[in-house]
Amino acid sequence: MKNKLLDLPTELLDLVFQRLDFRSLLRCTQVCHRMHSILEGSALLQYQTKLASTGKRDNPCCSWSTSVRLKKLEVYQEAWDNLRWSNNVLSFPVSNVSLWELVGGVLALYNVTQHSFRFIQLPSAHRGVDHREWQFNLDIDIGRGDFTIDPSTDLMIIVNRVSADNAVSAVFKTYFLSLTTGRPHTKAQSSEIQIEIPQLAESWYHEIKVFDNHLAVLFTTDFGVTELVVCSWNTGKRLKNVMSFAFLTSTLIVLNDIVGRSDIALEIIDVYDEPVSCCLHLPEPTLGYGIADLEMVTESPRAPIIQQSNIPFTASLEDRLLVINYRLEDSRSRERNHAIFVPVSVLLNHHRRSQPNQPIPWTDWGPNDTRILPVSFSGIWVCYVHGMRASVYEPAKKVFQIFDFSQLGLAYDLVKGDKRPQTQYLTGRTVLLESVFTERTLSCLPVRISTGTFPLETVEAVMLTEDALVAATVSLFSDLFCPGL
């Protein structure tokens, strides 16, 4: 006798269905009447569909029932859809803070006068994330350095210059510490490494990013010379004249190298194989405009540490948004700012299909796979990208915008006929009216754009997390407000 799936009791079938994603569940509803009757209208199918449309994934360790998790997700998403603030607005004074970081829902503040770090786990009433704070002091003065954190691996990385300003070579020490204790990280092969760059400069700037076991630091002098160092804990590789970069995967990095080039392009390289494996051209500024800055921003995916069993869901890691921020200037130093929004999956697909030494023109990939908009992101460093969303604040209008490029969620809204309030849906092709690029800049990646205001008078910029918008106020960031959602 053959064992048949449908011979199992309904309780066991439910356990099988719980391991399927929403697409598989929808297919199961079309198999036979019994599967259709079990799944149609069930909390499980609704929950899986809601997870997919909101860009979330389930926490299998959660002890709550599917119906409770579904209700939590509906309330959570309703707060985002309507930009409804919680009653508990947190304020964090930063009068003596010189450096800050926001990763994985953890806000890190460095007090330059006390050489101390303060960490705040931002709460979420809807997901059940507790408000938690801790701090520690270090003997390391990072007044000439910078840092980043990775809560998923309990990691804090500090890059600090230790050589004199007039030294022929700049020497930097990189420390791998525990985020919770400040002690050397137990999984690092070495608690610190030394990086030497043969370049004379008084001032250095650092851009630090981490992805799994790989660390990348972009060193920039005060006169524009750059060097990118990519390390796997204690081994490194260097690339020169890089203007900006971002991790696509743990071993693939996308670079923006416009120094010494006659064109503007994204170059994708493997950290273990230096030759460029994919080159995608970007729009060229028209005559009369120069590139003042070209920044790439994305969030390296991190599997959040779920220490509480009552956290029902968290952000999906299937795709991420990359923002390419153009800052153009004419001969009178007048700025024109534009942003190109592109999913990381698009770049990876082109990388897989690309041929060596065959650059891809912008017209062959940009118009169909991106959205380019006249957006001006803050010149102050803030984390404005999370998952498939990006946030921007317009001080002149005192409004913020959230650009949501979740394609499944947008399609779900349109099919259901349930559009979000105060939200613009761009689904067709758009053409930039400003003639700042040499090519006709078409783009058509669908996007939802929500607009709202803060319950605050003075805001300089916004940062985006899974659960909240963090507003940085004016006056040298005297406070950071977190209107949690």
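Given the residues THR113, THR153, THR186, which is the only one that is without any contact (Cβ under 8 Å) to a residue 12 or more places away in the chain and polar (S, T, N, Q)?
Values: THR113 fails: without any contact (Cβ under 8 Å) to a residue 12 or more places away in the chain; THR153 fails: without any contact (Cβ under 8 Å) to a residue 12 or more places away in the chain.
Exactly one of THR113, THR153, THR186 is without any contact (Cβ under 8 Å) to a residue 12 or more places away in the chain and polar (S, T, N, Q), namely THR186.
Would you please name the residue that is farthest from VAL103 (Cα to Cα), looking only at residues in region 370-414 that are loosely packed, with under 14 Cβ neighbours inside 10 Å and basic (Lys, Arg)?
The selected residue is LYS397.
Just to verify a result, which residue in region 207-223, among those that are open to solvent by 50 Å² or more (accessible area, probe 1.4 Å) and farther than 24 Å from ASP270 by Cα, is nearest to the chain's Cα centre (by Cα)?
Checked region 207-223; the qualifying residue nearest to the chain's Cα centre (by Cα) is ASP222.
Is at least one residue of region 88-106 closer than 30 Å to GLN424 by Cα, part of a loop (DSSP other than H, G, I, E, B), polar (S, T, N, Q) and at pLDDT below 90?
Yes, region 88-106 contains a residue that is closer than 30 Å to GLN424 by Cα, part of a loop (DSSP other than H, G, I, E, B), polar (S, T, N, Q) and at pLDDT below 90.
Would it be correct to say that ASN349 is surrounded by fewer than 21 Cβ atoms within 10 Å (Cβ to Cβ), out of contact with any Cys (no Cβ under 9 Å at 6 or more places or on another chain) and part of a strand (DSSP E or B)?
Judged against the criteria, ASN349 is not a match.
Out of everything in region 177-206 that is among the hydrophobic types (A, V, I, L, M, F, W, C) and either more than 19 Å from ARG144 (Cα to Cα) or not in a loop (DSSP other than H, G, I, E, B) (or both), what residue ends up being farthest from the chain's Cα centre (by Cα)?
ILE197
Being open to solvent by 40 Å² or more (accessible area, probe 1.4 Å) and either within 22 Å of LEU328 (Cβ to Cβ) or in a strand (DSSP E or B) (or both) is the filter here; which residues of region 438-466 pass it?
Within region 438-466, THR438, GLU439, ARG440, THR451 meet the criteria.
Could you list, in sequence order, the residues of region 31-41 that are within 23 Å of ASP7 (Cβ to Cβ), modelled with pLDDT under 80 and not in a helix (DSSP H, G or I)?
GLU40
Which residues, taken from region 415-437, are in contact with a strand residue (DSSP E or B) (Cβ under 7 Å, 6 or more places away or on another chain), open to solvent by less than 90 Å² (accessible area, probe 1.4 Å) and either farther than 25 Å from ILE264 by Cα or assigned to a loop (DSSP other than H, G, I, E, B) (or both)? Step through it out loud before you land on a result.
Of the residues in region 415-437, the ones in contact with a strand residue (DSSP E or B) (Cβ under 7 Å, 6 or more places away or on another chain) are 419-420, 422-426, 429-432, 434, 436-437.
This time we only want the ones that are open to solvent by less than 90 Å² (accessible area, probe 1.4 Å), so: 420, 423, 425-426, 430-432, 434, 436-437.
Scanning region 415-437 gives ARG420, THR423, TYR425, LEU426, LEU432, GLU434, VAL436.
For region 38-58, what are the residues that are surrounded by fewer than 19 Cβ atoms within 10 Å (Cβ to Cβ), under 23 Å from GLN407 (Cβ atoms) and of a type in the set (Ser, Thr, Tyr)?
Answer for region 38-58, where residues must be surrounded by fewer than 19 Cβ atoms within 10 Å (Cβ to Cβ), under 23 Å from GLN407 (Cβ atoms) and of a type in the set (Ser, Thr, Tyr): just THR49.
In region 134-167, what count of residues is obtained for those that are assigned to a loop (DSSP other than H, G, I, E, B) and open to solvent by 10 Å² or more (accessible area, probe 1.4 Å)?
Total satisfying the criteria: 13.
The values are calculated or read from the model by the stated rules, or taken from the named source; none is laboratory data. Just so it is clear, the model here is predicted, and its values are computed rather than measured. Glycine also receives a Cβ, built like all others from the backbone with ideal geometry; neighbour counts cover every protein chain displayed. These area figures cover heavy atoms from the full protein model, side chains too; ligands, DNA and RNA do not enter into them. Shrake-Rupley method; radii C 1.70, N 1.55, O 1.52, S 1.80 Å.
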